[in-house]
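Structure first, then comments.
The values are calculated or read from the model by the stated rules, or taken from the named source; none is laboratory data. Here the structure is a predicted model, which means the values were calculated and not measured. Counting neighbours? That spans all protein chains shown, and the Cβs are built from the backbone with ideal geometry, glycine included. The protein model used for the area step is the full one, side chains on, heavy atoms only, and it has no ligands, DNA or RNA in it. Shrake-Rupley method; radii C 1.70, N 1.55, O 1.52, S 1.80 Å.
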Amino acid sequence: MDYKKKILITGGAGFIGSHLVRLFVNKYPNYQIVNLDVLTYAGNLANLTDLEKKSNYSFVKMDIVDASSIQELFETEQFTDVIHLAAESHVDRSITNPTEFVMTNVIGTVNLLNSAKHIWNDHFEGKRFYHVSTDEVYGSLGNTGMFEETTAYDPHSPYSASKASSDHFVRAYFDTYGLPSVISNCSNNYGSYQFPEKLIPLFINNIQNNKALPVYGKGENIRDWLWVEDHVRAIDLIFHQAELGTTYNIGGHNEWTNIDLIKLLCEIMDKKLNRKTGESEQLITYVKDRAGHDLRYAIDSSKLQKDLGWKPSLQFEEGLTKTVEWYLENSEWLNSVTSGDYQKYYNEQYQKR
Ligand code: NAD
Ligand code: TYD
């Protein structure tokens, strides 16, 4: 078959990447989708078993830090587009091991930019490099205000510093070489297939197993939560319609203090597990705060709503309920990702608090 596009999606075995790969493979049978992932602890091919037999889908196991293999792959495959999600993505791990974040998030991104620039060789028409980033690059808000696309970068964690750096490189390649790029910065995602190191799946797993719920500090930090499927719908729109060189913020105007979110989650879990009202809340345990913990994130997504007509499809309570149901119905997935190294990570991360 003659495909209209050959798109490299990096990090497609991870949480957001697997949702994006699924959307593109199913929605665009005339696009060939190549999913590249090195399969770290966060990457899992079990996230994509439904796509294995699709003729417009293939998987390549490769490290984006390995410049020569990446270069060779680009030369052989001649991708028309790149959507780049591969990253080390967990703030707590970045505090323990910042260098790994520099390698994957900064060097890995520059390797991809170099390879795209090399194969496209100034013939940029019809080509696109889409870099998927985070609102954490903007730093922390006080009680008021929101992140706009023009907000100055002010990252605090090694994770957000590495993502900020990668964003700067993408813009530098657009400004210097004209490499056709777009960037989006999204708020906290939740939904199925998220690795249980992030707040929501970690706490679902702990509630289910009657384990303590380690709330950092006083639980007063605020995050702006978006359902992952709404994020990938926004990526689809931006990929197809955004003007080159532009940036879009993605977020659901859905701010929650951690403690309010956790109480809502406990309430939903009590119902689903037939527990007495208030039973799961008793697992809440306040622990030592995260170092450099950003107080508040909030995204102004009005540009995306106005330019491209995007809006979130789900109310938070509905999305959170669907998410809880998914984890309860997919205990095999949850058990497989929490076996092995997970226990070691968990003990190291939480015993010291
Ligand atoms: P994730 O940790 O679930 O998945 C990352 C994927 O990248 C994994 O499959 C992993 O195996 C792969 N990967 C890591 N290092 C690699 C390397 N060196 N070479 C090849 N593959 C590698 O992350 P996620 O939550 O799905 O995030 C995806 C992207 O979206 C990241 O760039 C992240 O910064 C961004 N983002 C995430 C959120 C969020 O709330 N999760 C919000 C905004 C933006
Ligand atoms: P997380 O899911 O790690 O996302 P991010 O740090 O990228 O926003 O954390 C969301 C919020 O929950 C953040 O304020 C830190 C807090 N948190 C806890 O209180 N306890 C935990 O065990 C974790 C993982 C997070």
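In debye to the nearest 20, how big a dipole does region 62-215 give about its Cα centre with +1 on each Lys and Arg Cβ and -1 on each Asp and Glu Cβ? Before the final figure, lay out the partial values.
On the way: 8 positive and 19 negative charges, 82 e Å.
Magnitude of the dipole: close to 400 debye.
Identify the trypsin sites (Lys or Arg not before Pro) of region 191-271 meeting these criteria: DSSP loop state and at most 11 other C-beta atoms within 10 Å of the C-beta.
Qualifying residues, ordered by number: Lys218.
Can you tell me the order of 244-253, 135-144, 281-290, 180-189 when each peptide is scored by its average per-residue count of other Cβ atoms within 10 angstrom, highest first?
So the peptides 244-253, 135-144, 281-290, 180-189, ranked by packing, come out 180-189, 244-253, 135-144, 281-290.
First compute the accessible area of the chain with a 1.4 Å probe, then give the percent of it belonging to carbon and sulfur atoms.
The C+S portion of the solvent-accessible surface of the chain is 48 percent.
I'd like the FRET efficiency for Asp260 and Arg353, computed as 1/(1 + (r/R0)^6) with the beta carbon distance as r and R0 of 22 Å, rounded to 0.05.
Efficiency, rounded to the nearest 0.05: 0.55.
Which one of Ile83, Val65, Thr96 has its Cα pushed farthest toward the positive end of the charge dipole of region 55-97, where Lys and Arg give +1 and Asp and Glu give -1 at the Cβ?
Thr96
Please say if region 275-319 is rounded, prolate or oblate, where rounded means a/c under 1.5 for a ≥ b ≥ c the square roots of the C-alpha gyration tensor eigenvalues, and otherwise the choice is prolate for a/b larger than b/c and oblate otherwise?
oblate
Taking only C-alpha pairs under 8 Å that are 6+ residues apart, what is the relative contact order of the chain in percent?
Averaging sequence separation for qualifying contacts and normalising by length gives 16 percent for the chain.
Leaving out ligands and nucleic acids, and using a 1.4 Å probe, what accessible area per residue does the chain come to in Å²?
43
Based solely on C-alpha atoms, express the radius of gyration and the Dmax of region 24-145 in angstrom.
Every Cα atom of region 24-145 included, Rg and Dmax give 16.4, 51 Å.
What's the center-to-center distance, using Cα atoms, between region 95-115 and region 267-343 in Å?
When both Cα centres are located, 27 Å separates them.
Which of rounded, prolate, oblate describes region 26-85, given a ≥ b ≥ c as roots of the alpha-carbon gyration tensor eigenvalues and a/c under 1.5 marking rounded, otherwise prolate only if a/b is larger than b/c?
Oblate, since a/c reaches 1.5 and b/c is not below a/b.
The chain: D in µm²/s via Stokes-Einstein (Kirkwood Rh, Cα pairs, 37 °C, 0.692 mPa s)?
Working: Rh = 20.8 Å.
Using the Kirkwood radius from Cα pairs, D works out to 158 µm²/s.
Using only helices, what value at 222 nm comes out for the chain when you add -39,500 (n - 2.57) per DSSP H run of length 4 or more and divide by the total residues, to the nearest 500 deg cm²/dmol?
Calculated mean residue ellipticity at 222 nm is -12500 deg cm²/dmol.
Mind giving me the FRET efficiency for Lys306 and Tyr153? R0 is 30 Å, r the Cβ-Cβ distance, nearest 0.05 is fine.
For Lys306 and Tyr153, the calculated efficiency is 0.80.
Read phi for every residue in region 34-48 and hand back ³J(HN,Hα) as whole Hz from Karplus 6.51 cos²θ - 1.76 cosθ + 1.60, θ = phi - 60°, with x for Gly and Pro.
Taking θ as phi minus 60°, the curve returns 10, 9, 10, 7, 8, 6, 6, 3, 8, x, 8, 5, 5, 6, 10 Hz for region 34-48.
Would you mind checking the tilt of helix 109-120 against the longest principal axis of the Cα atoms of the chain, expressed as 0 to 90 degrees and rounded to 10?
Tilt of helix 109-120: around 30 degrees.
Between Asp50 and Glu243, what is the label-to-label distance in nm when each label sits 7 Å out along the Cα-to-Cβ direction?
Simple spin-label model gives 3.7 nm for this pair.
Just the number: Rg to Rh for region 175-303, Cα atoms, Kirkwood Rh, two decimals.
Details: Rg = 17.9 Å, Rh = 16.6 Å.
For region 175-303, the value is 1.08.
Determine how large the accessible area of Arg93 is when every protein chain is in place; take a 1.4 Å probe and give Å² rounded to the nearest 10.
Result for Arg93: roughly 50 Å² accessible.
Give me the Kirkwood hydrodynamic radius of region 271-353 in Å, from all C-alpha pairs, to one decimal place? Please report the intermediate quantities before stating the final value.
Values: mean 1/r = 0.0578 Å⁻¹.
About 17.3 Å for region 271-353.
Please report the antiparallel percentage of DSSP beta bridges with both residues in the chain, rounded to the nearest 5.
Here the antiparallel bridges make up roughly 5 percent for the chain.
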